[in-house]
Structure formats: C-alpha cells, structure tokens
C-alpha cells in the first residue's frame, strides 16, 4: 500500500515534505513497488551530503544481482542527510520502505518540481499499468 | 565441408519439417537485391593435408625464437613454459567452453578464475584481481579510466616516459576523444626524476602511472612517486613484469592502488604479440569500479561451496552505456595458463626464474659493455633488460648482421625514442645460456667493428 | 565416482616445501644478490604462492576441467555466441613453432610467411564484408566496435577542420543491441542514444528519423539483429544515416548467417567488426581470447590503427607511417593466434564452403524453430536466420516456469542452456543458436528434451539442475558480500 500522505515520482521514488525552521525538507525513499520489482537487492550507493541536486537528476544507485537502477532526485535542493546505515542493511528496504528505509533528506531550494509528483492514487494507477 | 553433418536426406527431411522446398527460401528475409550475385572471391577450399602443408610452408618462411636465439623483450619474453601448462590448458573442456554464464556446468572455469584472482592478488600484494583483460597495454588504459572514475578527475593523468611506449600510445588513442590530458615525464637517464614527477601531479590529476621495472629494465623511485600521487589525492597505478615479483617488492607493499601487467611471461608463448593476458588487481575500495569479469565464492542450495560470476552490474550487458568499460570477452585461457604456471612454479620456482633472469642479464650487460663499439646507455642496475648504445649508430645493420649469425639480438629504440636512435634493448630470460650470451657478444663485436670502420 | 581433491582450492592443497618446478643452476659467474639488486627494491620473501608438486597441479586442473560443459563435449546452443566446433587441425597448425614462437619485435624480414598470411586475411575480410580496408589490431568484438568508433571520430574531426561543421557527439544504438554497443560509444566519448525497435523487432524508422541529426556520428546496427532477423530496411536506414552525414556501423556478431550470401558493404554499412572466435571458429577458452578485426570503406582507411600489413613488390611490410591514424588500441600486432586460426578456417572452407556454413547454420536454426514453436512461443515469427529468440513468458504466466528454470533443466538433459534474458526487449527470452556444426540427431534430441521439460512439474524445474556438480548457486550472497579471493583466515 502506498501511504496517502506522500508524493510519488514516475521513477518510483516517494517524497514527504515537511517544514522545519522555515525551510522545506523533503525526505526521499524508494517505493515498495520498486523494491519488489528489483528483487534481491545487493548494493546501493547513496548521494553525498552537501550535494546540490536538480529534480530528475540521478543521485544514487541501487543494484540487484542482475539489474541496476538509478535513484532520481524528486526535488531540487541540497542533500542534508542520508540514511548511512541503509547500504549495510538493505533488507530494511523490503521491511519498511516508507519508514526506516528512507534514503536521503533534501532541503528544497526550488519547489516548482513538486507539482510534477503524483499522489498515491495516480501512482497506484501507474504501477497497475506497469505490472501488465 | 569438413565440419557439418547433415546428409542430403537430412536436409530434405529438415526442409520439409520447416515447410520450404529449398535452403534458398530460408534466406527470403534478405531482399533479393541485397544478395551477392557471385561467389566470394576467395581462394578455393583445402583439405587438412593441403592446409597443413600450406601453413607449414608459410611458417617455414618465418624465423621463430628457437631457430634464432631470442634476446628480444619489450613486454614479450621468451620464457620457459612447462609442458603441463600446454597439456592442461589444452583440454577441450577448458579450451572449447565459453564465459561461465551457467555456473552449474562451469565450476571448472569459475574455480580456476577464482584461483587465478587469488594468485594474482598474492603475487602483486593487492586485495583483489579481476579475471583478466586483453593485454598489458589496454590494462594500463583501463586503469587510467578507472582512476578517472574513482577520483572524479577526468581531465589529466601523469605517465612516465619509461612506461612501455606502445602502452602510452594506447593511452593517447583512448584519452584524446575524451579531451583528457596525458602528461608525460621523460626518463632521459633511464629512469624518471621523482621530483619532476611529483611536481607534475596536481589536484586535477587522476593518477600517476609507473612501470617497474621500466621499459629500459631500470627501477623507478616508486615509493616517492606513490607518496606524491597520494598527497595530491591521485591514484598510484603500477605496471609490473610479473616474473620480477619473484624478487622485487610487491606493488601492494609500496602503496599501489591499481596494479596492471602483461601476463604473457606467465606460461604463454610469444604468439607474435597475442593473444596475451592483461592483469589487473586493485585495492578492495575500487572493486566495484574494476572492469572485466570477476568470479566470487558462494554456496549452492545444498550449502556446498561454489563459484559464480559476480558484481556483474558493473558490466556492459547490464549497464550498457554506464558500464565501467565496454569489455566483454576476457582472456580466460591465458588466465588459466598463468594459474597453472604459478601453481607449478610456486614461490621458490618463481624466485629462481627471476634470479636467473637477473644474473644472466647482468652478465650479458657486462659482456656487451666490453665489446668494442658498444656501451651501456644508462649507468643503472636493471632486472631483465638493458639498453645498449652502438657507436656509429647503425643499429638496424648491426641487428641484421647479428640475425645472419643466428640471433634476434635486440629491439631498436629509435622508433619511440629519437634520442635513443643509436640504441637497442636486449632482454635475457632464464632460457638463455652463458654460451649464447658469449656468442652474441662475439657476433655483435665483429660486426660493430666492421660497421664502425665502414662509417669512419 | 567421487573426487574430493578437485573441489579443494590450490591454496588448501599447498604444503610448505613442495615443488613443482626446478630451474637449472646459474651458469654465469656467481655474484651476491645484493650486488645485483638494489636493496630498496628487493622483497624480503618471495610472494606467498601455494606450494605444489606437478602431479598435484595436473590432477587438480584435470579434475576441474571435468566440471565444465564445452563444445568438445556438449551441444552448446548459446545464442549470439556462435559456439561452433573448433577444429583440431587449426590447433596443430597454430602451434607450429614458425607461427607460435614469433616475437612481436622480430624484423619484418624474419616474418615474411606470417605477414603474408595476415595480409591475405585482411583481403579476405574485406571481400567477405564488401568493404575496402582492414585492421587486425582489435583484441575482441567490443574492442573492434570501440576502434571503429574512434576511427569515425577521427574522420569527423578531420572533416570538421575542412568544412567547419560542428562536432558530432552522438552514437545511436537500437534497444535490442548488445550492451557493448552503447558501452563502446561511451568509452569513445560519444553520447549513446537508444533507438526503439518496432513490436516485430526491427529498427523503428520513425524513432530513428527523430533522433538522427547533424550531431549523429554513427548508427550501430546488428544485422541480422539479436532476434535472428534480417532487417530489410537496412538500405533505407543507411540512406537516412548518410543523408545526415553519419556513418553506418555493422556489429558483425551475427555474420555466421550471411557469409557469401549478402555483404554489409553492399547493403550500406561503412564499417564493421568480425568476431573470428565466433564466425571463424576460434576456441572460446572459457571466456576468451577473441579478436575483433574491423573493415571500413576507403575514406576511413587513413584513420585505421597502425600498423597495417602492406605489400611492396614481393615483400610484406608493416606500415607505421600513417599520419592520420588514430594510433594504437592494443600493444604489438593484435591477437595473432586467433587470426591464424581464422585464416585456416577461411582456407579450409573456400567461397562455396563458407556460403554453405551460413546455409547450414540457417537450416539448423529454422529446423529447431519448427520443432519447438508449437510448444514454446517464438514471438517474432516462423522464420529466422542463424538463431531465434523464444519466450517463456506465456508458460511463466500459466505454470510459473521461467526461462531460467528451462535453461537449468536443460543442463540435466546434457545440453548447455541457450542465452537467457537477452535481448532485453523480449520477456523471458531464450536465444537459441545451434550453429552449422550440429546434425539433425542432436537438434532432434534437444527439441525432444525441451518439449519433455515443458511437461515436467514446475517444482522439478524450480529445483533444477539436479545432476550437475552443484545446484543453483546463491548469487545474491556472492554479490552482497563479495568474496573474490581465497584468504588463509576464510
């Protein structure tokens, strides 16, 4: 189930936007649908803290045995924190993709890209189509 | 048609099962106007007997090492190959298999790859090795590109002029379209000045590339150069002669990040330059950036230890344009030969080979230095090769006359080093005898006098 | 018949003090090592290699070899790899001292026989491809692709200087191409752009038109393509590419289908590579060596790597003085040993024999296709060239049997598996290439096995193979915690 309070990218990243000290902070992760599609995960590369990313830019990678997928930044801003324990415990992505499996936090510098993201219902429709 | 099976009856039955009346119809997918309307203009077919005779005749018009005493080196050496290497590597189950895509029926190759990787790691003092690249030259360029990707510095590499000139030519070929700068530090006295190398390495430099022993057989100041590279945040890439590691310090022990080598010395004949074996080993931190295939250990469903191709997501068949390299085939057969060679030699055997090369090389250098008209170009200790200067300068004629006396006496250096156009490179492996060296000295002596006189 | 020793690693068999080789004593005057070797470069100990006797080594590797499938022992229909029979005569010839013991820096005078062979091979490859000039230097197919793209880049740099046209930055590849195509484009400094295929497996001309422009240097096509189909649009494709001033590259991986039937140069290609280890039967050696000679149109000849073999009067020479050449892509001459075998292969077959190779390869593939198509769907039609791609997608949906399951079960029946999960454009793909060096009986037996497997229980297949030296390995574990070398503590 895709939590209704999140925003979703076509490339299967989820985003939760929160206000903090006057800034908009986006917490970003990978959806359960994508984690399942990738099957047995073996490796991931996180973005570096401090990196400036543009919405739609590849900023990390996740690998299974025979496939590799880029992670795309859903928003524009600066990476301020990453879930540094995640590459060592990839099973967290399977167990709790929308919680403990978060990937990175981005301080949004330009929120125009947010309007390109989908709500849970639209994303579910996309997944249903891709599954066919 | 020596290698096909279908009889005319088979063909008829097969065509009928397909539902066509002739083989030509099977090519209907190709528009008729694209068909070649004549037979290929190629020489007619030959049976095994004529083919063998024809190739034997072509072979007889070459002078292989063995017919002439071989003192040629420069990255390809006439080392001894134990019979077991040929016998084992020639087994059809190794020889006619392919990349181990199906690990359940490829454990022989996979385990041999894993053993090869371990042997190379032990030999070089590095953490990990891949399962081989094309040759020593393209291994250097792969190392440079790996360093560019690992450091994020894509604009510049520093290479010593004493690295094999053909390896440097390959670097130029590959890096030119990428707009990367190749800075070459000359080695006018047989080895580079470490301070000059250090001052060329800056915070844009992806790596410094050194060959040890270098193309002239001399030693480079690897400790200083390695420190300078690391101080600037660059990687330290070392190209080695694997035989030398029977005696010399291992690159892993003096800080190399990536080690590459031409592996021909480890059990592969001369083969006019190929196929050979590109060796590459590196520190653990870079394993996911390493090009080429890698075998890894795991267990099967019954918990039995076994081996598979691993870390495949680096490779082109998955990552396509984002792969670490475009390399697809390996040199599995030559990695196998190297593994067999190193297992037969062991630490003591490899040390003895290296020691024989060293001793005979020094003896040959001193013998040739005492020949009238010849001198050593560099006043430095060397390992398996050394550079001889011919007064009067007519290197080609001198080598040609030595060839008439039965010697492949040396490699002229003028093609790559204009300032060494009166010089040639002499290599002495464990196969050369004192007699052969003495006779070479006599031959070169008589001709160098004649040539010097004719020039006077 | 169990053999414990074969499963142990060399390092576990090692015993201190054991020797497998004894070198002769030095025959030059004795000197202390410290006189000869500067102390700062000397190792304190030799490298920690295993210590084994020759019989240990022989038994070890002989037993390891028995754990492989190979062309000499099994039918090996690995699509796209052309696993044909490797003739023994070529091996004996290539091992002749006059061919095997030649040093790359010998004088040309001492190499006239070999240079003649290589010169003639250059000519034969030009004739087979319908192109004008050859380079034998590339070490493998992917290396040939890269070399040709560098040749193209140099050609366009030159033209840009003459005409002032902007730099060409893009290389187009179809989505069904080998992964090496876009990877080679990237290594050569180009942007790799993917062109879609149509549902029936050919280049989507509309998409190609949309992506072709004056920045396009090269379109790389595999024809016959990776589905085993000949793309009839190839002349039109060549026309479109040429219209934009670009070059058409042919990935020669599938040449086994068209030898003597059609020539890439005649249907519009400007350059191509051969895979002599596939098409001309070089042994694959557990993953290599290969070779990747390329042929090109005359206007590209000046840019080929140096040296090339030329003939001056009745002497064969290596030409180095070629100012426009891209330089070197490999040390020494190239993979000569593979090229010698290719030469032997071409001389063995001659023009008629070579055409017959393709005819029989295509006959075998179509026969196998006809035998299996009623049970296993072949999405791209009833006819193929030298190989075809079946799909297990339907069976997977119906019975949960995947292409991997079928591949693994085939091993139990004594057949090497086809290439699976390639090309990426076909779901549950199984790419089957029988080659011409198999007879009807083998193809019948393989088809029967395939059909029988499809009737087996899904459980039997999920657990397959059952009879091989190991069962399915845990690839996730291997990739998650890579152990890529033995170490004493492990």
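The values are calculated or read from the model by the stated rules, or taken from the named source; none is laboratory data. All figures in this text were calculated on a predicted structure; none of them were measured in a lab. With ideal geometry, Cβ positions are generated from the backbone for all residues, glycine too; neighbour counts draw on all protein chains shown.
What the table below lists for this structure:
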| read-out | value |
| --- | --- |
| Answer from B:13, B:60 - the residue that is farther than 30 Å from residue C:56 by Cβ and under 34 Å from the mean Cα position of the chain (by Cα) | B:60 |
| For residue A:44: the one exception among (1) part of a loop (DSSP other than H, G, I, E, B); (2) touching a helix residue (DSSP H, G or I) at 6+ places or on another chain (Cβ under 8 Å) | (1) |
| Qualifying residue in the range C:323-337 (condition: in a helix (DSSP H, G or I), within 23 Å of residue C:294 (Cα to Cα) and in contact with a helix residue (DSSP H, G or I) (Cβ under 8 Å, 6 or more places away or on another chain)) | yes |
| Residues that are touching a residue at least 40 places away in the same chain (Cβ under 8 Å) and buried (at least 18 other Cβ atoms within 10 Å of the Cβ), drawn from the range B:393-415 | B:394, B:398, B:401, B:402, B:403, B:407, B:408, B:409, B:410, B:411 |
| Qualifying residue in the range B:327-339 (condition: without any contact (Cβ under 8 Å) to a residue 24 or more places away in the chain and either at the interface with chain C (Cβ under 7 Å from one of its Cβ atoms) or more than 29 Å from residue C:17 (Cα to Cα) (or both)) | yes |
| Residue list for the range C:129-142, filter: outside any loop (DSSP other than H, G, I, E, B) and either touching a strand residue (DSSP E or B) at 6+ places or on another chain (Cβ under 8 Å) or not assigned by TED's automatic domain parsing to the domain that holds residue C:305 (or both) | C:129, C:133, C:134, C:135, C:141 |
| Residue check for residue B:299: in a helix (DSSP H, G or I), closer than 30 Å to residue C:473 by Cα and either more than 23 Å from the chain's Cα centre (by Cα) or in the same structural domain as residue B:208 (by TED's automatic domain parsing) (or both) | no |
| Test: residue B:75 is facing chain C (nearest Cβ under 7 Å), in contact with a helix residue (DSSP H, G or I) (Cβ under 9 Å, 6 or more places away or on another chain) and more than 23 Å from residue B:428 (Cα to Cα) | no |
| Some residue of the range B:179-192 being in the same structural domain as residue B:285 (by TED's automatic domain parsing), assigned to a helix (DSSP H, G or I) and in contact with a strand residue (DSSP E or B) (Cβ under 6 Å, 6 or more places away or on another chain) | no |
| Of residues in the range C:168-179 being at pLDDT 95 or above and in contact with a helix residue (DSSP H, G or I) (Cβ under 7 Å, 6 or more places away or on another chain), the one farthest from residue B:177 (Cα to Cα) | C:173 |
| Among the residues listed as C:307, C:289, C:276, the single one being in contact with a strand residue (DSSP E or B) (Cβ under 6 Å, 6 or more places away or on another chain), in contact (Cβ under 8 Å) with a residue 12 or more places away in the chain and within 12 Å of chain B (Cβ to nearest Cβ) | C:307 |
| Subset of the range B:302-315 that is more than 7 Å from chain C (Cβ to nearest Cβ) and part of a loop (DSSP other than H, G, I, E, B) - its residue that is modelled with the highest pLDDT | B:303 |
| Top-ranked residue of the range B:79-99 - restricted to ones that are assigned to a loop (DSSP other than H, G, I, E, B) and within 7 Å of chain C (Cβ to nearest Cβ), ranked as nearest to residue B:352 (Cα to Cα) | B:82 |
| Residue list for the range C:332-351, restricted to those being facing another protein chain (nearest Cβ under 7 Å) and in contact (Cβ under 8 Å) with a residue 24 or more places away in the chain | C:332, C:333, C:334, C:335, C:336, C:337, C:338, C:344, C:346, C:348, C:351 |
| Odd one out for residue C:389 among (1) surrounded by fewer than 24 Cβ atoms within 10 Å (Cβ to Cβ); (2) touching a strand residue (DSSP E or B) at 6+ places or on another chain (Cβ under 8 Å); (3) not assigned by TED's automatic domain parsing to the domain that holds residue C:155 | (1) |
| Listing of helices (runs of 4 or more DSSP H) fully contained in the range C:3-75 that carry 1 or more residues being facing another protein chain (nearest Cβ under 7 Å) and at pLDDT 95 or above | C:10-13, C:33-36, C:54-65 |
| Pick from the range C:401-423, criterion more than 9 Å from chain B (Cβ to nearest Cβ) and part of a loop (DSSP other than H, G, I, E, B), ranking: surrounded by the most Cβ atoms within 10 Å (Cβ to Cβ) | C:418 |
| For residue B:208: the one exception among (1) in contact with a helix residue (DSSP H, G or I) (Cβ under 6 Å, 6 or more places away or on another chain); (2) in a helix (DSSP H, G or I); (3) crowded, with 24+ Cβ neighbours inside 10 Å; (4) touching a residue at least 40 places away in the same chain (Cβ under 8 Å) | (2) |
| Residue identified as at pLDDT 95 or above and out of contact with any helix residue (DSSP H, G or I) (no Cβ under 6 Å at 6 or more places or on another chain) among B:369, B:364 | B:369 |
| Selected residue (only one of C:139, C:152, C:148 is within 8 Å of chain B (Cβ to nearest Cβ) and touching a residue at least 12 places away in the same chain (Cβ under 8 Å)) | C:139 |
